[in-house]
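The values are calculated or read from the model by the stated rules, or taken from the named source; none is laboratory data. Here the structure is a predicted model, which means the values were calculated and not measured. Here the Cβ positions follow ideal geometry from the backbone for every residue, glycine too, while neighbour counts run over all protein chains shown.
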């Protein structure tokens, strides 16, 4: 194996992407593209948020009622960032359990958190969402959404309906490449 020069990389892009949106307004979220096994079509993931206020609450839910988790769920674990946890634990246990459940049932479940994830994590994983929930970040406002609404890039931006000032659904979008303008909907 040899190192590739910058002029002829092994791949045109790396396995991580910065995301931004209403949950990460300054580009404070990371998606691990290298671990995605499925669930995205044309860079989109559509589903429902399933919100947990701790890693322990998710683990309890997966252990006691795995049948409640559905295809296209976006599991949101909040209050596990550097201040909330404290210490920003890595989410290898949740991602491993979610991956096992998905493979066993043939479904796709994504995970988003203000904590970090392991390099060994697989699946659609978004971490390091900041500002974190414990500091009043928008991820703290995320709630279960019914019926499923579209999400761009598997993530979450708190979009507001025209009739309401309350968040309706989460959405994150990829950070634009240098020199590119972000999509119009980011400015709404």
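Rundown of residues vs (1) assigned to a helix (DSSP H, G or I); (2) over 18 Å from the mean Cα position of the chain (by Cα); (3) in contact (Cβ under 8 Å) with a residue 60 or more places away in the chain, yes/no style:
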position: 5; (1), (2), (3): no, yes, no
position: 10; (1), (2), (3): no, yes, no
position: 37; (1), (2), (3): no, no, yes
position: 60; (1), (2), (3): yes, yes, no
position: 63; (1), (2), (3): yes, yes, no
position: 80; (1), (2), (3): no, no, no
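Any residue at all in the range 107-130 that's out of contact with any helix residue (DSSP H, G or I) (no Cβ under 9 Å at 6 or more places or on another chain), crowded, with 24+ Cβ neighbours inside 10 Å and over 16 Å from residue 50 (Cβ atoms)?
Yes.
From the list 76, 129, pick out the single residue that is modelled with pLDDT of 90 or more, closer than 21 Å to residue 34 by Cα and part of a loop (DSSP other than H, G, I, E, B).
That would be 129, the only listed residue that is modelled with pLDDT of 90 or more, closer than 21 Å to residue 34 by Cα and part of a loop (DSSP other than H, G, I, E, B).
Looking at 35, 47, 27, can you tell me which residue is surrounded by 20 or more Cβ atoms within 10 Å (Cβ to Cβ), modelled with pLDDT under 80 and under 22 Å from residue 114 (Cα atoms)?
47
Which of the numbered conditions does residue 87 fail, given that it passes all the others? Conditions: (1) outside any helix (DSSP H, G or I); (2) farther than 21 Å from residue 16 by Cβ; (3) in contact (Cβ under 8 Å) with a residue 24 or more places away in the chain.
(3)
Taking the residues in the range 132-156 that are at pLDDT below 85 and surrounded by 18 or more Cβ atoms within 10 Å (Cβ to Cβ) as candidates, determine which candidate is farthest from the chain's Cα centre (by Cα).
145
Are any residues in the range 39-53 touching a residue at least 24 places away in the same chain (Cβ under 8 Å) and either at positive phi or assigned to a strand (DSSP E or B) (or both), and if so, which ones?
Answer for the range 39-53, where residues must be touching a residue at least 24 places away in the same chain (Cβ under 8 Å) and either at positive phi or assigned to a strand (DSSP E or B) (or both): 39, 43, 44, 45, 46, 47, 48, 49, 50, 51, 52.
Mind checking which residues of the range 112-126 are farther than 20 Å from residue 83 by Cβ and outside any loop (DSSP other than H, G, I, E, B)?
125
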